[in-house]
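Everything below concerns the one structure shown next.
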Amino acid sequence: VSVRVCVCVCDVCNNTSYLEYMAEPSLFSQSELAAVTTLCVPLLVFGLLGNILTVLVVWLCPQMRSTTYLYLGSMAVSDTLILLLMPLDLYKLWWYRPWLLGDAVCKLSQFLSECCTFSSILHMTALGVERYVAVCFPLKARLLVTRGRVRGLIGGLWGVAMLSAGPVLVLVGVEDLGDGVLECRSTQFAQTSGLLRAMLWLYNLYFLLPLPLLSLLYGLIARRLRLLIVVVFVFVSTVVIVVVFVLCWLPFHTGRTLFSVGPGSSPDLYYISQYLNLISFVLFYLSAAINPLLYNIMSARYRANVCSLLHLPLGLTEELHRRAHPSPVTPSFSSTHF
């Protein structure tokens, strides 16, 4: 999902190895690497704190165990795992060869990164479907959307994500480039068999196909809300989360797709793709780190329970709880509210 993937694309599109273009330990200058590291380290620290806090809040606070927060808690687990991989990806940016961490770390890190990304996409799609059912068919939602079923569905989503990421274990590995120089990269088998190109298109479809579905579902939800002249806060919240995810990921998938179908013989095109990928690298981790901030901004309930969990002043906690649980003045579409 990070720089290593675009290197794989380059290997597919070029008849000539990129090693003819690059001989340095890193693809980028020291100042560029320092800038990226400076941006990513705060994302790592605050992202881990925020996502771990989200998991704890959902796990420990009974009032946070709505089906919506079960999805968001599972997504926080995914984002935490992604952020834990950041030091390894930064290491690869600074010194991508020789690879000294072994074949298992090479394969498992890429597998985990892809798996967590697929999981987040599946969770947001499932959450969009649930929101549609809850708003447009509230009576059915009370029967169909239960915590037990959602927990089972979340387990199934993780299973599908793992199966989808499984081919990565064959696609990447440690390759000997000659003279004992090892690199974690796409395997020769993946390149010559066409499997790598096929999987890249599959991964892009994994990202692109949910977009029209979510657009349709949230459009129907918005139409329903207008007819009822009522604002359901969870609608706005989940839409914002999806939009932020798309904005952070669209540049990467667009660049990867264009490069995979474009001419690969130009060193200039290779350099451009790498710098675009460097920007996508930062956006990737921004996507994993920003969700807790969005929850904190948009949900008084989330803020109240975070304050309670952290034993912040009682007056502040009570005020936030009051805001999170106002007197009901609008019809409820589901018990699964934000």
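Just a few scattered comments:
- Failed item, numbered, when I221 is tested on (1) modelled with pLDDT under 80; (2) within 22 Å of L122 (Cβ to Cβ): (1)
- Pair list, Cβ < 6 Å and 6+ apart or interchain, from region 130-156 residues that are β-branched (V, I, T) to residues that are buried (at least 20 other Cβ atoms within 10 Å of the Cβ) and assigned to a helix (DSSP H, G or I): V133/A141; V135/I221; V145/T67; V145/E130; V150/T67; V150/L70; I154/S74
- When the helices (runs of 4 or more DSSP H) confined to region 121-202 are screened for residues that are under 17 Å from the mean Cα position of the chain (by Cα), those reaching at least 3 such residues are found at 147-165.
- Any hit, region 230-239, residues being part of a loop (DSSP other than H, G, I, E, B), in contact with a Cys (Cβ under 6 Å, 6 or more places away or on another chain) and at pLDDT below 80: no
- Any hit, region 157-171, residues being of a type in the set (A, V, I, L, M, F, W, C) and touching a Lys or Arg at 6+ places or on another chain (Cβ under 6 Å): yes
- Qualifying residue in region 190-205 (condition: β-branched (V, I, T) and closer than 16 Å to Q110 by Cα): no
- Tally of residues being more than 21 Å from L122 (Cα to Cα) and either surrounded by fewer than 19 Cβ atoms within 10 Å (Cβ to Cβ) or of a type in the set (V, I, T) (or both) across region 184-213: 9
- The residues of region 69-112 that are touching a Leu at 6+ places or on another chain (Cβ under 7 Å) and part of a helix (DSSP H, G or I), listed by number, are Y71, T80, L81, L83, M86, L93, W94, K107, S109, F111, L112.
- When G47 is tested against the conditions (1) modelled with pLDDT of 85 or more; (2) loosely packed, with under 13 Cβ neighbours inside 10 Å, the lone failure is (2).
- Selection within region 158-188 - of a type outside the set (V, I, T) and farther than 21 Å from Y96 by Cα: W158, G159, A161, M162, L163, S164, A165, G166, P167
- The lone criterion from (1) within 27 Å of L211 (Cα to Cα); (2) surrounded by fewer than 18 Cβ atoms within 10 Å (Cβ to Cβ) left unmet by L122 is number (2).
- Screening the candidates S186, S193 for the property of being of a type in the set (S, T, Y) and touching an Asp or Glu at 6+ places or on another chain (Cβ under 9 Å) yields one hit, S186.
- W99 farther than 30 Å from V150 by Cβ and either in contact with an Asp or Glu (Cβ under 7 Å, 6 or more places away or on another chain) or crowded, with 23+ Cβ neighbours inside 10 Å (or both): yes
- Qualifying residue in region 53-72 (condition: within 30 Å of F28 (Cβ to Cβ) and buried (at least 24 other Cβ atoms within 10 Å of the Cβ)): no
The values are calculated or read from the model by the stated rules, or taken from the named source; none is laboratory data. A quick note: this is a predicted structure, and the numbers were derived from the prediction, not measured. Positions of Cβ are backbone-derived with ideal geometry, glycine not excepted, and every protein chain shown enters the neighbour counts.
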